[in-house]
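> I'd like to ask you about the structure that follows.
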Amino acid sequence: MTSKIAVIGFGNIAKAIITPLFDKNLLNPKDVYCLVNTKKSLENIRKNYKYDINIFQAKSKGSEIIWDCKVKLLSVKPQQLKNIIELENKNNKNNLLISILAGVSLGKLIKIFPNHKCVRVVTNIPITIGKGLTGISWGDEIIEDQKQFIRGLFENSSKIYEFPEDLLDIFLSITSSGPALIALIIEALSDGGLSGGLQKKLSEELVIEMILGTVSLIKETNLTTAELKNMVTSPGGTTIAALRVLENRSLRSALIEAVVSATNRSKEFC
Ligand SMILES: NC(=O)c1ccc[n+]([C@@H]2O[C@H](COP(=O)([O-])OP(=O)(O)OC[C@H]3O[C@@H](n4cnc5c(N)ncnc54)[C@H](OP(=O)(O)O)[C@@H]3O)[C@@H](O)[C@H]2O)c1
């Protein structure tokens, strides 16, 4: 992987994307120019980050060098975007800007960064352990070489899906909000175990292992969810008693509405 990369906002997610590329020698830390907002983060990265990158505090002397990089990864929080002001670089008209900001549309990015070709990416928190899901929506005029380069940035830490932009909101809802929904389900099932007399830690461990096992079974055997449900639901048994409660309380509908609601919220941000 060549050329200099700027990272505007070297926080949790940016580190999760960039660090595996250093680990695998696909990127040289000397070619990466990062910006953070506070002195505290700057010092923390200088002291504790395992690679010697070029790191600057926003608006500090010399930090404008990031605008010389052909590729920029934009990774600030959406509410911090208003503080990022594009510096035009006449020598580098084909600059590429890859935004991972939740709910910021390509149209908005192009207005803020008129001298860049923009790409919108949605990724999720498991990217921090190399198990992310990344959705990419290409802006106009992105050539195949640039697409390959961008895929290369994300494929070491996530599985990549390419979508038209109007499907990114639903992708975000399932993949980015999804981990919170799953965490809530784990928490609630563990509390069920607690109610039955199990220690909290053991109950949570059992729930997590049960979910991992169930998901592996579905993936490895290609069972449909309906087939799996039928396999463990015997007439008049315990599972149908549990499922009856969930149907009574409309869990299915609540989950559908949760996904739709997150999607609508994402559209409001754009
Ligand atoms: N967290 C998630 O689950 C998740 C998942 C997928 C995508 N995302 C997206 O990823 C983006 C980053 O999230 P994150 O969790 O990595 O946030 P984060 O850890 O807070 O990182 C944000 C970074 O931006 C820097 N920053 C803030 N203002 C800046 C400015 N004016 N100039 C330069 N740098 C600036 C911050 O520096 P300081 O530390 O000095 O403030 C920090 O390094 C968000 O837009 C979010 O939508 C997040």
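What follows is calculated from the coordinates using simple rules that are stated; it is not laboratory data. Note that the structure is predicted; figures quoted are calculated from it, not measured. Note that we place each Cβ from the backbone using ideal geometry, even for glycine, and neighbour counts take in every protein chain shown.
> Condition check: crowded, with 19+ Cβ neighbours inside 10 Å and within 27 Å of Leu251 (Cβ to Cβ). Does Leu172 satisfy that?
yes
> In addition: So which residues in region 229-259 are more than 24 Å from Asp191 (Cβ to Cβ) and in contact with a helix residue (DSSP H, G or I) (Cβ under 9 Å, 6 or more places away or on another chain)?
Across region 229-259, the qualifying residue is only Ser234.
> Out of all the residues in region 169-186, is one or more out of contact with any helix residue (DSSP H, G or I) (no Cβ under 8 Å at 6 or more places or on another chain), at positive phi and not aliphatic (A, V, I, L, M)?
No, region 169-186 contains no residue that is out of contact with any helix residue (DSSP H, G or I) (no Cβ under 8 Å at 6 or more places or on another chain), at positive phi and not aliphatic (A, V, I, L, M).
> I'd like to check which strands (runs of 3 or more DSSP E) are fully inside region 11-126 and have at least 2 residues that are away from the ligand (no atom under 12 Å from the Cβ).
In region 11-126, 96-99, 117-122 are the strands (runs of 3 or more DSSP E) which contain 2 or more residues that are away from the ligand (no atom under 12 Å from the Cβ).
> Counting just the residues of region 127-166 that are of a type in the set (S, T, N, Q) and assigned to a helix (DSSP H, G or I), which one comes out surrounded by the fewest Cβ atoms within 10 Å (Cβ to Cβ)?
Result: Gln148.
> Additional query: Determine if region 189-208 includes at least one residue that is in contact (Cβ under 8 Å) with a residue 24 or more places away in the chain and more than 16 Å from the ligand (Cβ to nearest atom).
Among the residues of region 189-208, not one is in contact (Cβ under 8 Å) with a residue 24 or more places away in the chain and more than 16 Å from the ligand (Cβ to nearest atom), which makes the answer no.
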